[in-house]
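Let me begin by presenting the structure, written as structure tokens, before commenting on it.
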Amino acid sequence: MTLPAEAYLWFKALHIIGVVVWFAGLFYLVRLFIYHVEAEEMDLSVRVQFKHQYSLMEKRLANIITTPGMVLTISMAAGLLYIQPSWLSQGWMQVKISFVLGLLVYHFYCYKIMNQLQNNVINYTGQQLRALNELPTILLVIVVMLVVFKNQFPTSAATWLIVGLVIFMAASIQFYARWRRLKKEAISNANE
């Protein structure tokens, strides 16, 4: 079957749109998990309503935005590989596919967490979920670099500076969350 010449451009455009939607959903979904877990610290009078609202938001985000973004991403990638099957023999694509498989595991792991939270099973702290929320950022940076640089993946000082900046940003987010939590605890202890 011969596809029209513009099929490649359609697959590529829709693949990029799917990636943006998928990642936006993954970033916000775990943030909702954090709020959901931290709702445990609220007054009983509002805790139930907040947890119910977070459960509803998580389900809608996962089922209406995140998963359709994933499906669009994967299906358009399959279309691109159908048009360019030689990419499958290239090392950068094989590495990219392995990271995307890791992202799929992360996606379905988020569903597991969502189901646990909806059943009032809380196995994670807000801090643990904040750390988990950094994983798709790291995967996104790696995958984008693989796509842009392909087999000429940079190993220069500039590359390691960028890697260091990403790690610094992730650590800063963790530090800020910890500082905020400790400050809140200190205020709470002072008011007792």
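The values are calculated or read from the model by the stated rules, or taken from the named source; none is laboratory data. In this text, all values refer to a predicted model and were calculated from it rather than measured experimentally. Cβ atoms come from the backbone with ideal geometry, glycine included; neighbour counts cover every protein chain shown.
Yes/no matrix, rows are residues, columns are (1) farther than 21 Å from Ile34 by Cα; (2) of a type in the set (Gly, Ala, Ser); (3) without any contact (Cβ under 8 Å) to a residue 24 or more places away in the chain:
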residue: Leu117; (1), (2), (3): no, no, no
residue: Gly126; (1), (2), (3): no, yes, no
residue: Val143; (1), (2), (3): yes, no, no
residue: Pro154; (1), (2), (3): yes, no, yes
residue: Val163; (1), (2), (3): yes, no, yes
residue: Ile173; (1), (2), (3): no, no, no
residue: Tyr176; (1), (2), (3): no, no, yes
Those residues that are under 17 Å from the mean Cα position of the chain (by Cα) and farther than 15 Å from Thr125 by Cα, I need them from segment 168-184; list them, please. Met169, Ala170, Ala171, Ile173
Given (1) surrounded by fewer than 16 Cβ atoms within 10 Å (Cβ to Cβ); (2) in contact with a helix residue (DSSP H, G or I) (Cβ under 7 Å, 6 or more places away or on another chain); (3) assigned to a helix (DSSP H, G or I), index of the condition Ala171 fails: (2)
Going residue by residue through segment 98-112, is there one that turns out to be in contact with a Phe, Trp or Tyr (Cβ under 6 Å, 6 or more places away or on another chain) and farther than 30 Å from Lys51 by Cβ? no
Selected residue (criterion: farthest from Phe23 (Cα to Cα)) from residues of segment 126-147 that are at pLDDT below 90 and among the β-branched types (Val, Ile, Thr): Ile142
I'm told Pro154 meets every condition in (1) part of a loop (DSSP other than H, G, I, E, B); (2) exposed (fewer than 11 other Cβ atoms within 10 Å of the Cβ) except one. Can you identify the failing condition by its number? (2)
I'm trying to understand the selection: among the residues of segment 2-42, which are within 22 Å of Leu56 (Cβ to Cβ) and over 21 Å from the mean Cα position of the chain (by Cα)? Ala39, Glu40, Glu41, Met42
Looking at segment 62-92 only, could you name the residues that are within 30 Å of Asn120 (Cβ to Cβ) and in contact with a Gly (Cβ under 6 Å, 6 or more places away or on another chain)? Ile65, Thr66, Gly69
Picking from Ala7, Ala13, the residue that is exposed (fewer than 13 other Cβ atoms within 10 Å of the Cβ), aliphatic (A, V, I, L, M) and over 21 Å from Phe99 (Cβ atoms) would be Ala13
Being in contact with a Lys or Arg (Cβ under 9 Å, 6 or more places away or on another chain) and surrounded by 14 or more Cβ atoms within 10 Å (Cβ to Cβ) is true for just one of Met57, Met93, Met42, Met70. Which residue is that? Met93
